[in-house]
1. Tell me yes or no: at least one residue of region A:3-10 is away from chain B (no Cβ under 14 Å), open to solvent by less than 50 Å² (accessible area, probe 1.4 Å) and within 19 Å of the chain's Cα centre (by Cα).
2. In region B:72-101, what count of residues is obtained for those that are without any contact (Cβ under 8 Å) to a residue 24 or more places away in the chain and surrounded by 15 or more Cβ atoms within 10 Å (Cβ to Cβ)?
3. Output yes when any residue across region A:235-242 is within 25 Å of A:A117 (Cα to Cα), under 25 Å from the mean Cα position of the chain (by Cα), open to solvent by 50 Å² or more (accessible area, probe 1.4 Å) and in contact (Cβ under 8 Å) with a residue 12 or more places away in the chain, and no when none is.
4. Going by what's in this entry, would A:E17 be described as farther than 14 Å from A:V134 by Cα and loosely packed, with under 14 Cβ neighbours inside 10 Å?
5. With within 14 Å of chain A (Cβ to nearest Cβ) and open to solvent by less than 30 Å² (accessible area, probe 1.4 Å) as the only criterion, which of B:G60, B:G130, B:G42 stands out?
6. What are the pairs with Cβ atoms under 6 angstrom where one residue, in region B:109-122, is under 9 Å from B:G92 (Cβ atoms) and free of Cβ contacts under 8 Å to residues at least 60 places away in the same chain and the other, located anywhere, is surrounded by fewer than 18 Cβ atoms within 10 Å (Cβ to Cβ) and not basic (K, R)? Sequence gap at least six, or different chains.
7. Somewhere in region A:291-299, is a residue acidic (D, E), within 28 Å of A:P21 (Cα to Cα), loosely packed, with under 11 Cβ neighbours inside 10 Å and not assigned by TED's automatic domain parsing to the domain that holds A:N120?
8. Could you list, in sequence order, the residues of region B:2-19 that are over 20 Å from A:A95 (Cα atoms) and not in a strand (DSSP E or B)?
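The values are calculated or read from the model by the stated rules, or taken from the named source; none is laboratory data. Bear in mind the structure is a predicted one, so any value in this text is a computation, not a measurement. We place every Cβ from the backbone using ideal geometry, glycine too, and count neighbours over all the protein chains shown. We work out accessible area using only protein heavy atoms, side chains counted, and drop any ligands, DNA or RNA first. Shrake-Rupley method; radii C 1.70, N 1.55, O 1.52, S 1.80 Å.
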Amino acid sequence: MVSDSVRHAARLITQIENGVPAARAVLAELLPHCGSAQLVGITGPPGAGKSTLTASLIKELRSQGRSVGVIAVDPSSPFSMGALLGDRDRMLEAASGDPGVFIRSLASRGVPGGLAAAVNDVVDVMDAMGKDVVIVETVGVGQGELEIAKIAHTVVLVFVPGYGDALQAMKAGITEIADVVAVNKGDLAEASRAVQELRGQDYVRHDPTADRTWVVPVQKVSALRNEGIAELVGLIDDHYRFTAQSAWRSEIERNRRHAQFMAFVTERLRAELASIDLDAFDAGWLRDPYAAAEEFVTEIVKARADRGAVGLAAK
Amino acid sequence: MSKEHIKVLLAKKKIDVHGRGTKLLARELRDAGMEVVYFRFGVVDEIADAAVQEDVDVVGVSVMTSGQIQIARGLIPALKARGLDNVLVIMGGIIPEVDYEPLYELGIHRCFAPGLPGGAVAEYIRENVGTATLG
């Protein structure tokens, strides 16, 4: 599994998507083989060219001899639950016949939080496969945008000229999670102005573990003409190295593991709670749901604290 | 066999500019609740590589400018070589009826002619997914 069994990896990813409990055991076995992949998130408004840019990144990374895993997320229809996953089409040329590239399309299936959990697990699969870089491309709308910040070492925000002025960028609220900004469609005349305007915003990220800041670079790229791509990869690597100069990198990784823990506990507890006998209502216990919930949680926390378990402080 | 999330790879030849049929079908399958990976291929191995990485239940190939026999001759062994021996493989588009039988002998499970009522492909997939084998 760890080396190159693409078929097994692909099937495991399906199990993760479907929430098959058996996948957890396999993931736990993979864990010792995880931790060497560089995780890059690609986000931005729909139509910004995220997939096309990802294709360019694949080509550049491959030319440097680095293997690549790609997780491309597209939205599911809230009505039919069906999905049209079109990202792969744009990446085909960059990946054709190359065993060093593994692309997997995922449908969002309507649960941003739940999807983030699945994506985290899929990242582990690709990491264990030995991919040097794992790229996660988000849906491009809604909450998934912010979830990516909890997964990736470096978040690349893709903008396009004409998306709006700088005010619009601030309003979108997603510049807060960007480590690197790429202004795509750099072949358009307005691109230089957009770059200037975004640079003028002086976006910075504060290192949560040390007294220093990362100045968010703004790079003009043209995925179409393959311009600025090598520079963009350079900036992504710069940021990756920057986070390693303090505890920032391990903070990111800790947050990711914490998110996985939360997702797993939530999922397990939800199943347990769903099986609570509703006769408890007639017995009076559930008639006060507030008190019942408080008692339920307190009991778990107290039981753990009493036996000196790590991780929770007794109240 | 019924499956909660049916994943379909819909492939169309890159040099084939006739895309309306595939796109219409992609939309139809999406509306039937399926997850459709749509892409244009240059060589048959690209379909097989995509099918294994995406772990799809169904591979659909659209053919408008002939070559269906050659495609099937390459595709079925390529899928089997990658361990995908229970994937449902269908073809559609401008395929002469005289080719249906040879295509079925090569391992294609079903060919669809243009002009079928909406929902016909989705219904076939839902009824046959998971039960097909590639001999």
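1. Taking region A:3-10 and keeping what is away from chain B (no Cβ under 14 Å), we get A:3.
Checking the rest, the ones that are also open to solvent by less than 50 Å² (accessible area, probe 1.4 Å) come to none.
Among the residues of region A:3-10, not one is away from chain B (no Cβ under 14 Å), open to solvent by less than 50 Å² (accessible area, probe 1.4 Å) and within 19 Å of the chain's Cα centre (by Cα), which makes the answer no.
2. Let us first name the residues in region B:72-101 that are without any contact (Cβ under 8 Å) to a residue 24 or more places away in the chain, namely B:77, B:96-98, B:100-101.
From the residues that got through so far, the ones that are surrounded by 15 or more Cβ atoms within 10 Å (Cβ to Cβ) too are B:77, B:100.
The number of residues fulfilling the criteria is 2.
3. no
4. On the way: farther than 14 Å from A:V134 by Cα: yes; loosely packed, with under 14 Cβ neighbours inside 10 Å: no.
For A:E17, the condition - farther than 14 Å from A:V134 by Cα and loosely packed, with under 14 Cβ neighbours inside 10 Å - is not met.
5. On the way: B:G130 fails: open to solvent by less than 30 Å² (accessible area, probe 1.4 Å); B:G42 fails: open to solvent by less than 30 Å² (accessible area, probe 1.4 Å).
On inspection, the qualifying residue turns out to be B:G60.
6. Filtered contacts from region B:109-122: B:C111/B:Y100.
7. Yes - at least one qualifying residue is present in region A:291-299.
8. Selection gives B:S2, B:K3, B:E4, B:H5, B:I6, B:D16, B:V17, B:H18, B:G19.
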